[in-house]
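The values are calculated or read from the model by the stated rules, or taken from the named source; none is laboratory data. Everything quoted here is computed from the prediction, not taken from an experiment. Every residue, glycine as well, gets a Cβ built from its backbone with ideal geometry; the counts of neighbours run over all protein chains shown.
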Amino acid sequence: MAEIKNVFDISGRAMAAQLVRLNTIASNLANAGNLASSEEEAYRSLKPVFETQYADEVRKNGIATAQAVDIVKSNRLPEKLYLPDHPSADDDGFVYSAAVNIEEEYVEMMEASRQYQNNVEVITTLRTLMMRTISMGK
Amino acid sequence: MKSISNHLNFHASALQLRSRRNNILASNIANAATPNFKARDLNYDQQIRQVDDIGPLKSTDSKHFKVAVKNPHQTLFYRQPINPSLDGNTVELSVEQLEFSENSVRYQTSLEFLNNRIAGLLSAIRGE
């Protein structure tokens with residue numbers, strides 16, 4: 001990873017991480033309610049793993065950013081439904097619904113978009129300050 | 001030349017410190033969702049005193065021994081959370097946003113002071 005130098009690195013990479021999070025939420029919501037014929041085939045919600053990336057000079061300047069280092073499947077079990085008429089039902093008449101909790105995903109979506117906005121706000125503010133500093137003395 | 005740099009020095013250092021603090025606060029906001037991240041901050045008052053040489057002990061002669069000042073590496077402190085969260089993250093967005101906006105305003109204030117001082121110097125040079 002390249003060195004983290006300024007606010008564009010800090011907030012830019014954090015925004016990328018939040019975007020990964022929003023992508024997983026979109027995938028989870030898109031697959032919510034999907035039915036599969038076995039527990040293994042059923043969709044499980046995806047969750048990103050966030051980790052702090054410190055700058056090399058972090059002891060001096062305290063700069064750190066966030067990165068989505070991994071995406072894991074949640075260990076929530078798919079719901080077993082008795083639907084013998086369903087085309088993908090197994091021999092005993094069961095189907096398995098995707099292990100996605102819609103409410104949880106919605107809350108996470110709101111939080112992720114709020115934190116994304118915060119990072120945009122930081123960049124906008126500091127960019128304005130930088131531009132004013134450049135035109136100092138004019 | 002020295003008097004001009006003395007004239008501008010304080011606010012120039014203030015600007016640098018404010019910008020450093022902005023980066024630290026931006027790091028906190030960037031890590032709002034990272035588990036176990038501990039929010040940090042810079043003690044601005046203490047730092048600016050060091051810059052301005054008005055530390056706890058003032059020397060009256062340049063030959064006096066320098067009073068040991070704190071290592072600049074240790075001047076960052078961890079923020080005490082008001083409402084601790086379960087995942088060990090101590091970033092509270094309301095606190096960070098407040099500090100960030102205050103810091104930005106103070107940065108602009110220092111910038112404005114610098115601009116005024118430069119304008120004053122320029123008008124003195126031009127003799128208008």
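Some notes on this structure:
- In the range B:57-81, the residues that are among the aromatic types (Phe, Trp, Tyr), touching a strand residue (DSSP E or B) at 6+ places or on another chain (Cβ under 7 Å) and at pLDDT below 80: none
- In the range A:46-75, the residues that are free of Cβ contacts under 8 Å to residues at least 60 places away in the same chain and hydroxyl-bearing (Ser, Thr, Tyr): A:Thr52, A:Tyr54, A:Ser74
- B:Ile54 vs. criteria at pLDDT 85 or above, farther than 15 Å from B:Leu17 by Cα and among the β-branched types (Val, Ile, Thr): no
- Residue check, B:Ile24 under 22 Å from A:Thr133 (Cα atoms) and modelled with pLDDT of 85 or more: yes
- Residue in the range A:48-59 that is exposed (fewer than 15 other Cβ atoms within 10 Å of the Cβ) and over 30 Å from A:Ser11 (Cα atoms) present: no
- Matching option when the condition is facing chain A (nearest Cβ under 10 Å), on the phi > 0 side of the Ramachandran plot and either more than 15 Å from the chain's Cα centre (by Cα) or not in a strand (DSSP E or B) (or both), among B:Asn28, B:Asn22, B:Asn36: B:Asn36
- Among residues of the range B:1-28 that are free of Cβ contacts under 8 Å to residues at least 12 places away in the same chain, those with a beta-carbon under 9 Å from a residue that is surrounded by fewer than 22 Cβ atoms within 10 Å (Cβ to Cβ) and charged (D, E, K, R) at least six positions away or on a different chain give the pairs B:Asn9/B:Asp52.
- Residue in the range A:76-104 that is surrounded by the most Cβ atoms within 10 Å (Cβ to Cβ), counting only those that are free of Cβ contacts under 8 Å to residues at least 40 places away in the same chain and not acidic (Asp, Glu): A:Phe94
Every residue, every condition in (1) on the phi > 0 side of the Ramachandran plot; (2) within 12 Å of chain B (Cβ to nearest Cβ); (3) not in a strand (DSSP E or B), yes or no:
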{"position": "A:Ile10", "(1), (2), (3)": "no, yes, yes"}
{"position": "A:Thr65", "(1), (2), (3)": "no, yes, no"}
{"position": "A:Leu81", "(1), (2), (3)": "no, no, no"}
{"position": "A:Pro84", "(1), (2), (3)": "no, no, yes"}
{"position": "A:Ala89", "(1), (2), (3)": "no, no, yes"}
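- Residue match in the range A:44-60 (condition: touching a helix residue (DSSP H, G or I) at 6+ places or on another chain (Cβ under 8 Å) and assigned to a helix (DSSP H, G or I)): yes
- Among the conditions (1) touching a residue at least 24 places away in the same chain (Cβ under 8 Å); (2) in a helix (DSSP H, G or I), B:Arg49 misses just one, which is (1).
- If you go through the range B:87-105 and keep only what is away from chain A (no Cβ under 11 Å) and either over 26 Å from A:Glu121 (Cβ atoms) or surrounded by 15 or more Cβ atoms within 10 Å (Cβ to Cβ) (or both), you end up with B:Thr90, B:Glu92, B:Val95, B:Glu99.
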